[in-house]
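Okay, structure first, notes after.
The values are calculated or read from the model by the stated rules, or taken from the named source; none is laboratory data. Every value quoted in this text rests on a predicted model; they were computed, and no experiment measured them. Positions of Cβ are generated from backbone atoms using ideal geometry, with glycine treated the same way; all protein chains shown enter the neighbour counts. Areas reflect the complete protein model, heavy atoms only, side chains present, ligands, DNA and RNA absent. Shrake-Rupley method; radii C 1.70, N 1.55, O 1.52, S 1.80 Å.
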Amino acid sequence: MAQAVVPAMQCWVGVRGSSAVPARQPAGRVWGVRRTARATSGFKVLALGPETTGVIQRMQQLLDMDTTPFTDKIIAEYIWVGGSGIDLRSKSRTISKPVEDPSELPKWNYDGSSTGQAPGEDSEVILYPQAIFKDPFRGGNNILVICDTYTPQGEPIPTNKRHMAAQIFSDPKVTAQVPWFGIEQEYTLMQRDVNWPLGWPVGGYPGPQGPYYCAVGSDKSFGRDISDAHYKACLYAGIEISGTNGEVMPGQWEYQVGPSVGIDAGDHIWASRYIFERITEQAGVVLTLDPKPIQGDWNGAGCHTNYSTLSMREDGGFDVIKKAILNLSLRHDLHIAAYGEGNERRLTGLHETASISDFSWGVANRGCSIRVGRETEAKGKGYLEDRRPASNMDPYTVTALLAETTILWEPTLEAEALAAKKLALKV
């Protein structure tokens, strides 16, 4: 990391939202610290003349400006999933007054040929507002709007996974079971210019795994400020974020969202991912959801999905959980195919995973496909944890498929009996 010896009381940090600029700046040249693309740390020390310093301050004042006292108009950031199925896109528009429900917002459109979602000769894709969150970047009454995507004729486009999920979650059988989801989103922070995890020596490796999980200290924890900034931004936005922690691989973290009911789980995960992308954009690091960003003896990144229905949470619920596990075993291949790209590199049977080709379950066993907690076993009711989804999974797909398989789908009696014998399940 570059260091600079500067005169006392003449160094300030030019970071958005910072109040570190001295009340009285010395005359002449001022030393500043600004974010740059080339600095590995995300910052670069350079000399700023009075004119440059003034421009930065005036721009910051505009970014921090609260427009609420001057106009009823707000800025709505429309957000959607792009053509890869994992990338996020967004654009802004002015709304005449504050809104409380997505139904108050107009539909919009964008050029789908530039996102890989429509041909150039018929490129218009329509955005349908579906969920609203407070905007932690602009503040005031400004909002983030989660949208799904349709053709001009009203048909969902192939990357619109929310539409099918909403149909499943609106089924009366599913609605009656009030499905709860708690999603554990793992991710890795990467140094931008070298595509290597944050905190790792460039071109080299840190010490073996062991001291990094939930660790503290500058030699073991890398990216805590980014994690905390995301945590607070999600709370401000109204996302049901419930916790965060450092993970087993250095530079890897996790946050949890939930419990969320039905379609809300997918909306909240996508909104939280968008906020994280914006924060890492400002911090000068890269957020990756690759399920195995570093090959070798390093943990991958998953998106473990905790799930329960009303019947599972009531007395006798453990039997319902066992029946759900049986159903999940019979549709293992279907779930694996929908649980994220590159998951075969992560689900190897090592590093707290089950093999991608085999289905298994166990109590308190993190090497299984489905884990049941000790408390659930002891109380005879609770929830299950599906440990198979990759970090880059689509939350609409995963949550809807869990509900469909465990509530709506019924196997044949013969298939059920064979699966129960194989898994040693009494249902």
Label-point gap, in nm, between R345 and T244 - each point 7 angstrom along Cα→Cβ
2.5
R0 of 56 Å, Cβ-Cβ distance M59-D333: FRET efficiency to nearest 0.05
0.55
Say we join alpha carbon atoms closer than 10 Å with springs in a Gaussian network model of the chain; which of P293, P201, P129 then has the biggest fluctuation?
P201
For the stretch 354-363, just list the computed ³J(HN,Hα) in residue order, Karplus coefficients 6.51, -1.76 and 1.60, θ = phi - 60°, integers in Hz, with x standing in for Gly and Pro.
8, 5, 5, 8, 10, 9, 8, 9, x, 8
At a Cα cut-off below 16 Å, give the aspartates and glutamates reachable from K381, other chains included and same-chain residues fewer than 8 away excluded.
E314, D315, D319
Applying 1/(1 + (r/R0)^6) with R0 = 30 Å to the Cβ-Cβ distance of Y205 and D228, what FRET efficiency is obtained, to the nearest 0.05?
0.70
Modelled label-to-label distance, D101 and V363, 7 Å Cα→beta-carbon offset: nm?
4.7
What's the center-to-center distance, using Cα atoms, between the stretch 219-259 and the stretch 93-110 in Å?
30
Qualifying aspartates and glutamates (Cα of each under 17 Å from Cα of K134; at least 8 residues distant if same chain):
D64, D66, D72, E77, E100, D101, E104, E240, D264, D267, E277
Model label zone, F70; criterion: amide N under 16 Å from point 7 Å along Cα-to-beta-carbon; scope the stretch 131-170:
138-142
Applied in sequence order to the stretch 386-392, the curve 6.51 cos²θ - 1.76 cosθ + 1.60 (Karplus, θ = phi - 60°) yields integer Hz couplings, x standing for Gly and Pro, of 8, 8, 7, x, 7, 4, 9
Could you look at the stretch 144-190 and say what percent of its accessible area is carbon and sulfur, using a 1.4 Å probe and all protein chains?
61
Tell me which residues come under 5 Å, amide H to amide H, from W196 once H is placed; ignore anything under 5 positions away on its chain.
Q191
Separation in nanometres of the label points that stand 7 Å from Cα toward Cβ, at S170 and S92
3.3
Roughly how many Å is it from the Cα centre of the stretch 52-79 to that of the stretch 136-167, as a whole number?
26
Residue with peak Gaussian network fluctuation, the chain [Cα springs, cutoff 10 Å], from V174, V285, V202:
V202
Filtered hits (aspartates and glutamates, Cα-Cα < 13 Å from K220, offset >= 8 within chain) -> E247
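Hey, can you find the accessible area per residue of the stretch 219-302 for me, probe 1.4 Å, expressed in square angstrom?
33
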Step through the residues of the stretch 373-383 one at a time and calculate ³J(HN,Hα) from phi using the Karplus curve (6.51 cos²θ - 1.76 cosθ + 1.60, θ = phi - 60°), rounding each to whole Hz and writing x for Gly and Pro.
x, 4, 5, 5, 4, 5, 7, x, 6, x, 8
Could you work out the relative contact order of the chain, using alpha carbon pairs under 8 angstrom and six or more residues apart, expressed as a whole percent?
13
Quick check on my link table: of K91/K161; K292/K379; K161/K421, which ones sit more than 31 Å apart, alpha carbon to alpha carbon?
K292/K379; K161/K421
